[in-house]
Amino acid sequence: MRSVVLLVLGVYFVLPLIAMAEFSTRGRGGSRSLESWTSIVDDEGLMEALVNSLLLSVTSAVLMLVLLVPTMAWIRLRLPRLQRLVEFLCLLPLAIPAIVLVVGMAPLYAWVNYFLGDSPLTLTFAYTVLVLPFAYRAIDAGLSAIDLKTLAEAARSLGASWLTVLWKVVVPNIRVALIGASLLSVALVLGEFTIASLLNFDTLQVQVNLLGKRNAGVSIAVSLLCLIFAFVLLFALSYVGQRRRQTVAEEEVSPGSN
């Protein structure tokens, strides 16, 4: 029964990818051609949008980690009563449609563009808010899995500063959670369309939408690459988590075997 379920799920997920690959390699007269795929590299606008999205994914992930990790660790150690409030604020973007977020952010971005210019990288602020719910859950799971208070008190008793505790004690112990939060952020930023489109910024998904109106083959090829990249990120996250669990299990078994 399990094999049948896995087979059905495999067909459900793989068939659309096969259909996309078939359409993107369809040439004139029923022949096969890689023209749509080679056009990806030749399209300067698409490559520029891809670079913008990659830079945005990195800057958004970094800003998210800088904001969440110290805040969540400090609240758990010093202000546990505020934990529910911070959780509510971080999860709030899930309940607000992207188009409503844009309406609220548009006046702010008028000032941001005035002071910082109209670079697509200013979307980092909006995207950081967008990824907060998913990143919060990942980091919260990592912090819940360790005895943060004991580790922090032990480090402080040895003379470590708060920054040292954060960098050399907290971060190494929640490394897998941080990687997971970062990968989720990258996947979300690369797939975001509404905010970038309505704020008139040039990102990968905006270019894919424009390509779909003038060259469907190239648009499908780029979409397929994005899906494959997302699958790779998910497999990487699963692999890292599995390796971490194996390492922890080996460390727990090792003392008893000696």
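Mind listing whichever residues of region 97-123 are on the phi < 0 side of the Ramachandran plot, exposed (fewer than 12 other Cβ atoms within 10 Å of the Cβ) and not in a helix (DSSP H, G or I)?
97 - this is the single residue of region 97-123 that is on the phi < 0 side of the Ramachandran plot, exposed (fewer than 12 other Cβ atoms within 10 Å of the Cβ) and not in a helix (DSSP H, G or I).
Against the condition free of Cβ contacts under 8 Å to residues at least 40 places away in the same chain and assigned to a helix (DSSP H, G or I), how does residue 59 come out, does it pass?
Values: free of Cβ contacts under 8 Å to residues at least 40 places away in the same chain: no; assigned to a helix (DSSP H, G or I): yes.
Considered against the rule, which asks whether it is free of Cβ contacts under 8 Å to residues at least 40 places away in the same chain and assigned to a helix (DSSP H, G or I), residue 59 comes out as no.
Check every one of the helices (runs of 4 or more DSSP H) wholly within region 163-225 and list those with 1 or more residues that are touching a residue at least 60 places away in the same chain (Cβ under 8 Å) and in contact with a strand residue (DSSP E or B) (Cβ under 8 Å, 6 or more places away or on another chain).
Details: elements: 175-191, 194-198, 204-214.
Where helices (runs of 4 or more DSSP H) fall fully within region 163-225, none carries at least 1 residues being touching a residue at least 60 places away in the same chain (Cβ under 8 Å) and in contact with a strand residue (DSSP E or B) (Cβ under 8 Å, 6 or more places away or on another chain).
Could you say whether any residue in region 77-96 is in a helix (DSSP H, G or I), loosely packed, with under 12 Cβ neighbours inside 10 Å, free of Cβ contacts under 8 Å to residues at least 12 places away in the same chain and among the small types (Gly, Ala, Ser)?
Yes, some residue in region 77-96 is in a helix (DSSP H, G or I), loosely packed, with under 12 Cβ neighbours inside 10 Å, free of Cβ contacts under 8 Å to residues at least 12 places away in the same chain and among the small types (Gly, Ala, Ser).
So, of the residues in region 202-258 that are in contact with a Lys or Arg (Cβ under 9 Å, 6 or more places away or on another chain) and at pLDDT below 80, which turns out to be surrounded by the fewest Cβ atoms within 10 Å (Cβ to Cβ)?
Let us first name the residues in region 202-258 that are in contact with a Lys or Arg (Cβ under 9 Å, 6 or more places away or on another chain), namely 217, 219, 240, 244.
With the extra rule that they be at pLDDT below 80, the set shrinks to 240, 244.
Working: 240: 15, 244: 17.
Only one residue tops the list, namely 240.
Could you go through region 142-153 and let me know if any residue there is modelled with pLDDT of 85 or more, in a helix (DSSP H, G or I), more than 28 Å from residue 51 (Cα to Cα) and touching a Lys or Arg at 6+ places or on another chain (Cβ under 7 Å).
Kept after step one, since they are modelled with pLDDT of 85 or more, are these residues of region 142-153: 142-153.
Those left that are additionally in a helix (DSSP H, G or I): 142-144, 148-153.
Among the residues that remain, those that are also more than 28 Å from residue 51 (Cα to Cα) are: 142-144, 148-153.
Retained after the next criterion (residues that are touching a Lys or Arg at 6+ places or on another chain (Cβ under 7 Å)): 143, 148.
Yes, because at least one residue in region 142-153 is modelled with pLDDT of 85 or more, in a helix (DSSP H, G or I), more than 28 Å from residue 51 (Cα to Cα) and touching a Lys or Arg at 6+ places or on another chain (Cβ under 7 Å).
Take the residues in region 188-201 that are surrounded by fewer than 21 Cβ atoms within 10 Å (Cβ to Cβ) and within 15 Å of the chain's Cα centre (by Cα); name whichever of them is nearest to residue 234 (Cα to Cα).
188
Of everything in region 50-101 that's among the small types (Gly, Ala, Ser) and under 15 Å from the mean Cα position of the chain (by Cα), which residue is nearest to residue 194 (Cα to Cα)?
53
Residue by residue, here is whether (1) more than 20 Å from the chain's Cα centre (by Cα); (2) more than 15 Å from residue 78 (Cα to Cα); (3) crowded, with 19+ Cβ neighbours inside 10 Å holds:
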position: 137; (1), (2), (3): no, yes, no
position: 141; (1), (2), (3): no, yes, no
position: 155; (1), (2), (3): yes, yes, no
position: 166; (1), (2), (3): yes, no, no
position: 174; (1), (2), (3): no, yes, yes
position: 181; (1), (2), (3): no, yes, yes
position: 186; (1), (2), (3): no, yes, yes
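The values are calculated or read from the model by the stated rules, or taken from the named source; none is laboratory data. Just so you know, these numbers come straight off a predicted model, no measurement behind them. Glycine gets a Cβ as well: all are built from the backbone with ideal geometry, and neighbour counts include every protein chain shown.
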